[in-house]
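Enquirer: After the structure tokens below, expect a handful of questions from me.
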Amino acid sequence: LGEEKLNKGKAGQAIPFFDTAIKKDPNSALYYSNRSHANYLCGRYDNAIQDADEVIRRRPDWHRGYQRRAEALSGKQQYTDAAAVYAYALKLQPDNE
């Protein structure tokens with residue numbers, strides 16, 4: 001349901017679904033990634049960064065955690081830091097456009 005809300009442009013309504021999913025499976029990097037994205041879309045950049053860091057902690061070889069972190073850093077207008085994180089994400093998955 002959280003992904004449905006995201007796809008319909010209702011990121012704020014998606015967050016509680018991801019909260020519940022994380023409580024049920026706290027080791028899922030995917031749920032943290034989705035919540036990070038929802039927080040980013042809501043302008044909650046610090047929360048998005050915290051969730052992105054949880055993704056990175058759980059799956060350090062998955063580009064998505066770094067992508068989410070870079071998005072949130074861009075939202076905070078920390079462009080130099082965001083560029084470095086995006087560059088690292090591209091090293092992990094160079095064919096990601």
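The values are calculated or read from the model by the stated rules, or taken from the named source; none is laboratory data. All values derive from a computational prediction rather than experimental measurement. Backbone-built Cβ (ideal geometry, glycine too); neighbour counts: all protein chains shown. Quick note on the areas: whole protein, heavy atoms, side chains included, nothing else; ligands and nucleic acids left out. Shrake-Rupley method; radii C 1.70, N 1.55, O 1.52, S 1.80 Å.
Enquirer: Give me the net charge for the shell around P60: Cβ to Cβ below 13 angstrom, other residues only, Lys and Arg +1, Asp and Glu -1. It would help to have the intermediate numbers written out before the result.
Expert: Details: positive: R57, R58, R59, R64, R69, K91; negative: D53, E54, D61.
That sum, taken over residues with Cβ under 13 Å, equals +3.
Enquirer: With an 8 Å Cα cut-off and a minimum separation of 6 or more residues, compute the relative contact order for the chain in percent.
Expert: On the way: 129 pairs, mean separation 18.7, N = 97.
So the answer I get is 19 percent.
Enquirer: Across the chain, how many lysine pairs, 8 or more positions apart or on different chains, have C-alpha atoms separated by under 26 Å? Please give the number.
Expert: Total qualifying Lys-Lys pairs in the chain comes to 10.
Enquirer: When the Kirkwood radius is taken over all Cα pairs of the chain, what Stokes-Einstein diffusion coefficient follows at 10 °C and 1.306 mPa s, in µm²/s?
Expert: Result for D is 121 µm²/s.
Enquirer: For region 1-88, which whole-number percentage of the solvent-accessible area (1.4 Å probe, protein heavy atoms only) is attributable to carbon and sulfur atoms?
Expert: Roughly 45 percent of what the probe reaches on region 1-88 is carbon or sulfur.
Enquirer: Counting each DSSP H run of 4 or more residues in the chain as -39500 (n - 2.57), what helix-only mean residue ellipticity at 222 nm follows after dividing by all residues, to the nearest 500 deg cm²/dmol?
Expert: Calculated mean residue ellipticity at 222 nm is -24000 deg cm²/dmol.
Enquirer: How many angstrom lie between the Cα centre of region 7-22 and the Cα centre of region 49-89?
Expert: 20 Å
Enquirer: Give the accessible surface of the chain per residue, rounded to a whole number of Å², with probe radius 1.4 Å and ligands, DNA and RNA excluded.
Expert: Numbers: 5880 Å² over 97 residues.
Solvent-accessible surface per residue comes out at 61 Å².
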